[in-house]
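Student: Here it is: the structure, laid out below.
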Amino acid sequence: MIDKLLETTFDAVADIPAGASVMIGGFGTAGMPDQLIDALIGRGIGDLTIISNNAGNGETGVAALIKADRVRKIICSFPRQPDSHHFDAAFRAGKIELELVPQGNLAARIHAAGAGLGAIFTPTGYGTLLAQGKETREIDGRPYVLEYPLHADVALIKAHKADRWGNLVYRKTARNFGPIMAMAAKCTIAQISEVVPLGTLDPEAIVTPGIFVQRVVEIAAAAPAA
Amino acid sequence: MNRMNREQMARRVAQDIPEGAYVNLGIGLPTGVADFLPADREIFLQSENGLLGMGPAPAAGDEDPELINAGKQPVTLLPGGAYFHHADSFAMMRGGHLDICVLGAFQVSVHGDLANWHTGDPHAIPAVGGAMDLAIGAKQTFVMMELLTKQGDSKLVEKCTYPITGLACVSRIYSDLAVIDLGPGGAKVIELVDGLSIDALRAVTGLPLIEAARLPRS
């Protein structure tokens, strides 16, 4: 019987090695898999390359990972925000390398990796600093920039419901990068709010089919603040 | 000099967004356009983080941290709205499915080049987000901005000195002084605020602005 559910977040991240490339879902804090990241921090490994839209917000998620000094490089679209102080400090101290990617190119490169494409030509960024030194081509009269896929060893994502086969549905704008990161990583680990019996997710509504998901961990809802 | 305030600018942009348009409003000044969209038009607001049919901010206490806009502020979803992932969201832009995108700007060139993501300050931490995708993706890219900097320099320029976001992508500027169409032929003024002459606008911008055939006053 196939059962992708694991007991704890620590089990789920137990074999991620130092130096791994790790995709982390989320747009700001929506969809950020905080508990999986906490478990990753708990493992004590570093030298990670992180692929995520932002470079951390506040004190949790990617921000906590950077604060703990585990990130060698981050590939993202929007690092600088009012609450990105841990990234800002690490970047100014020269402790973290930044590859800045336009958000749609980030999504397209992640999707390209998951879809098995060798590269993409994108119109975004043409003629800008972010395309300097990159190959370009005119196709049907429009200029494009050659960009390569972004693969990762692991994707940590947050979804709403899952069954034991790893079929996922998401919640509202917490979906964001989850479905495409799940496709692009060798091992996708989803933290979810609710496990449901196999066969109860509407097959017409499953967003990420289980083929893209290797491990699932249920996170108990936080107790309401007293 | 008479000039429109930000609310008047937002009202002016909103007036030009037609029934049925799929629209992305950028962070900052353009976000305010949503407040003035005519109630008798159905207009679809897209948010880059995976939302179409975006509604206004929720009532206090009804915020959902998993229902936010591109500026990471809590929003609502209108009946008929949809959620989708990031590859679909940016396909809507890059694939030319959005009708209109309204962006803020540091500088715009008379040929429609846009600079709005980076001041060029070598000490600044750069961030681009969806700016480059939005700039070149929508069928029409409008810029909404004050035409002059606080120092009185024109933000409409012959050639951008700030780093470029997209080339030849802006078709119209809605500013506090004038509405200006841009294109290969240069900058054509189609509306002026009351009391401002085309020559006065040429003087403050230092540009050879073209005058629309029958220039109305806004």
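FYI, it's all coordinate maths here, none of it is from the lab. All values derive from a computational prediction rather than experimental measurement. All Cβ positions, glycine included, derive from the backbone under ideal geometry; neighbour counts span all protein chains shown.
Student: If you build a Gaussian network model of chain B, linking Cα atoms that sit under 10 Å apart, which residue out of B:Asp194, B:Asp113, B:Asp64 swings the most?
Tutor: Comparing B:Asp194, B:Asp113, B:Asp64 in the GNM, the peak value goes to B:Asp64.
Student: Okay, next question. Where Lys and Arg each count +1 and Asp and Glu each count -1, what net charge lies around A:Gly210 among other residues with Cβ under 10 Å from its Cβ? Don't skip to the answer; put the middle values down first.
Tutor: On the way: positive: A:Lys4, A:Arg164; negative: A:Asp163.
Taking every Cβ under 10 Å from that of A:Gly210, the sum is +1.
Student: By how many nm would the segment from B:Leu215 to B:Leu78 grow when fully extended, if each residue of separation counts as 0.36 nm and the alpha-carbon distance is taken off?
Tutor: Difference between extended and current length: 45.5 nm.
Student: Okay, moving on. Would you mind getting the Kirkwood hydrodynamic radius of the protein assembly as shown from its Cα pairs, rounded to one decimal in Å?
Tutor: Values: mean 1/r = 0.0436 Å⁻¹.
Roughly 22.9 Å, rounded to one decimal.
Student: What fraction of the DSSP beta bridges in the protein assembly as shown is antiparallel, stated in percent and rounded to the nearest 5? Each step should come with its number before you reach the end.
Tutor: Numbers: 32 of 82 bridges.
In the protein assembly as shown, DSSP labels about 40 percent of beta bridges as antiparallel.
Student: Additional query: Sort B:His97, A:His85 by Cβ crowding within 10 Å, fewest neighbours at the top.
Tutor: Numbers: B:His97 13, A:His85 16.
In order of increasing Cβ crowding within 10 Å: B:His97, A:His85.
Student: Another one. Looking at the range B:97-191, which trypsin sites (Lys or Arg not before Pro) are DSSP coil and have at most 14 other C-beta atoms within 10 Å of their C-beta? Provide the component values of the computation, followed by the final result.
Tutor: Numbers: sites: B:Lys139, B:Lys150, B:Lys155, B:Lys159, B:Arg172, B:Lys188; in loops: B:Lys139, B:Lys150, B:Lys155, B:Lys159.
Here the sparse-neighbourhood loop sites are B:Lys139, B:Lys150, B:Lys159.
Student: Given the options A:Pro33, A:Pro82, A:Pro17, which has the most mean-square fluctuation in a GNM of chain A, springs set between C-alpha atoms less than 10 angstrom apart?
Tutor: Among A:Pro33, A:Pro82, A:Pro17, the largest mean-square fluctuation in the Gaussian network model of chain A belongs to A:Pro82.
Student: Which residue fluctuates the most in chain A, going by a Gaussian network model with Cα springs under 10 Å, if the choices are A:Ile45, A:Ile66, A:Ile157?
Tutor: Among A:Ile45, A:Ile66, A:Ile157, the largest mean-square fluctuation in the Gaussian network model of chain A belongs to A:Ile45.
Student: Another question about this same structure. Fewest first, what order do A:Leu146, A:Leu156, A:Leu106, B:Leu156 take by the number of other Cβ atoms within 10 Å?
Tutor: Details: A:Leu146 13, A:Leu156 35, A:Leu106 31, B:Leu156 27.
Lowest to highest Cβ neighbour count: A:Leu146, B:Leu156, A:Leu106, A:Leu156.
Student: A follow-up question, please. Which percentage, to the nearest 5, of the DSSP beta bridges contained in the range A:5-218 is antiparallel?
Tutor: Numbers: 12 of 42 bridges.
Antiparallel bridges: around 30 percent, rounded to the nearest 5.
Student: Right, something else. Between their Cα atoms, which of A:Lys67/A:Lys172; B:Lys72/B:Lys139; B:Lys150/B:Lys188; B:Lys159/B:Lys188; B:Lys155/B:Lys188 are more than 22 Å away from each other?
Tutor: Working: A:Lys67/A:Lys172 28 Å; B:Lys72/B:Lys139 25 Å; B:Lys150/B:Lys188 24 Å; B:Lys159/B:Lys188 16 Å; B:Lys155/B:Lys188 15 Å.
Pairs exceeding 22 Å: A:Lys67/A:Lys172; B:Lys72/B:Lys139; B:Lys150/B:Lys188.
Student: Over the alpha carbons of chain A, what is the largest minus smallest coordinate on each principal axis, giving the biggest first in Å?
Tutor: Computed over the Cα atoms, the extents are 52, 43, 33 Å.
Student: With labels modelled as points extended 7 Å from the Cα through the Cβ direction, what inter-label distance (nm, one decimal) is found for A:Ile139 paired with B:Lys150?
Tutor: It is 4.5 nm.
Student: Starting from the Cα of B:Lys139, move 7 Å in the Cα-to-Cβ direction to define the label point; list residues of the range B:157-181 whose amide nitrogen is under 17 Å from there.
Tutor: B:170-172
Student: Which percent, nearest 5, of DSSP beta bridges in chain B are antiparallel? Show your work: numbers first, answer last.
Tutor: Numbers: 20 of 40 bridges.
Taking every DSSP beta bridge within chain B, about 50 percent pair in antiparallel fashion.
Student: Whole percent per 10 Å bin, from 0 to the bin with the longest distance: what is P(r) over all C-alpha pairs of chain B?
Tutor: Calculated P(r), rounded to whole percents: 8, 33, 35, 18, 5, 0.
Student: Moving on. Among B:Met9, B:Met4, rank each residue by its count of other Cβ atoms within 10 Å, from fewest to most, as a rough exposure measure. It would help to have the intermediate numbers written out before the result.
Tutor: Details: B:Met9 23, B:Met4 19.
Going from least to most buried by this count: B:Met4, B:Met9.
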